[in-house]
Amino acid sequence: MDPIKNQIAAIDPFEPGTEPSGEEALHRMLSGSTVYSDTNPLRNVSSLEDKRRRKARIAGGLLLGAAAVTAGVLVASNFGTVSPAPAPAISSEAATPTPSTSAAPSPSATATPSATPTAVPTQSATPTAPAVATTAPVAPPVQAPTLKTFTFPDGHLSFEYPADWTIRTEQGPYAAPQDQANSVIARVSDGAGSEVARVFNGNYGDGTAGPVERTILDRAVVAGVRDNSGEKVEFGFSSTQSRYVPYDGPAYEGMPTAPTAPVNDPPVYIMDVRISSELQAGATTSGTNQVRVPNGIMSAYVVFDSTKQPTFATPAAAKAWIGTQQYAQLKAMLLSLSYK
C-alpha cells in the first residue's frame, strides 16, 4: 500500500502537507457520497504539463550554457594576441585618432574587442614668411663704356682700346696713288696724352732684318687675324740683342759667320704682333712685324720711350712690368685686332 499511499497523497486536493491514513481515505472514497468536481482548482499542486515544461526549460538552459562555454573557448583560442595596426602615413590633411583593436577573453568566456585610440602625429604647418614690402626697382646708373672700337676707313681692320685713350690718324705710306686713301696710321695715346702704340693698315711694306738673340717674355695668339699664308698671328713681348757679324777678310767683304758671332749690344724690348714663324726664341733673325692681309699689310706695335735705352734697366724690371695695368691694357688692345 505504500506506493498507492504516496500517489494518493501527492494528488490530495484537500490536505496538502499532511500525510493522511490510506485506509481512511479509501474508506471514505468507497463508502461516502462525496462528489468531486474538476472545477475546483488544485492548490499548490504542479500538473504533469508544468513539470514537463520546467524540465524542458532546465534542459534548454543547460544546453545554452554549454554552448556558450564552448563558443568562448573556441573564440579565445582562435583570436590569440592581436597586434596594433601600424599608424597611417602622415598627410597634410588634419589628422584624426586611429583606433587600434586588441582582443582579450572576458571572464564570461566571451571575446570582447576593446578599442584603444592611438594618437597619430600631425605634420606641423610650414611657417609663412612675412610679406616684404616691395618698392619700385631703381635703375642702376648708366656707366660709361670702358672700351671703344676703332675701325679703319675701309671697314676691314678694327681694334678696341680704353675709353679714356685717344686715337689720331694720319696718312700712311703707299705704293700707288690708288692705295693712298686706304693707307692709314692710327696713333694711340693714353689718358695722359702720351703715345703708346701705332697700328698701320695699307698696301705698303718694307723693312730689314739681321741676326739676333731673342728672349720671349710673353706671347698669345691673336684670334681675329690670319696671315694670307694661313699662318697664325701672335702677340709677343720679347727682347732681342744684335749679334756682331764677322766677315772673312776686310769688313763687309766675304761670307758672314753669324752662328758663332758674340752678342755685343744691349737688349731691345719689342711688344708687337707678327706671324708665329717670326717670333722664335734663341739665335734667330730679327724678322718683321708686317702681317699680310687681303687689303695689304697690317702692323701693330707698342711705342716705348725712345729716350730710355734700354727701355727697362734689367730683365727683372721688364718682367715686373707685365703685372701692371698699362701692360694689361696694351696687350688686350693688340689681342682685340680683327680683320673682316
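Structural remarks
- Residue 318 vs. criteria closer than 20 Å to residue 208 by Cβ and surrounded by 14 or more Cβ atoms within 10 Å (Cβ to Cβ): no
- Residue selected from the stretch 231-249 under the condition surrounded by fewer than 20 Cβ atoms within 10 Å (Cβ to Cβ) and polar (S, T, N, Q), by the criterion modelled with the lowest pLDDT: 242
- Sub-9 Å Cβ pairs linking a first residue in the stretch 192-217 that is touching a residue at least 40 places away in the same chain (Cβ under 8 Å) and among the hydrophobic types (A, V, I, L, M, F, W, C) to a second residue that is assigned to a loop (DSSP other than H, G, I, E, B) and open to solvent by less than 20 Å² (accessible area, probe 1.4 Å), at least 6 apart or interchain, are 196/165; 199/152; 199/337; 200/172; 200/183; 209/287; 212/287; 216/279, ordered by first then second residue.
- Taking the criterion of being within 13 Å of residue 153 (Cβ to Cβ) and within 59 Å of the chain's Cα centre (by Cα), the residues of the stretch 172-198 that qualify are 172, 181, 182, 183, 184, 185, 186.
- Qualifying residue in the stretch 173-180 (condition: modelled with pLDDT of 95 or more and not basic (Lys, Arg)): no
- Checked against (1) part of a loop (DSSP other than H, G, I, E, B); (2) crowded, with 17+ Cβ neighbours inside 10 Å, residue 214 meets all criteria but (1).
The values are calculated or read from the model by the stated rules, or taken from the named source; none is laboratory data. Here the structure is a predicted model, which is why all the values come from computation and not from measurement. Note that we place each Cβ from the backbone using ideal geometry, even for glycine, and neighbour counts take in every protein chain shown. Accessible surface areas use protein heavy atoms only, side chains included; no ligands, DNA or RNA. Shrake-Rupley method; radii C 1.70, N 1.55, O 1.52, S 1.80 Å.
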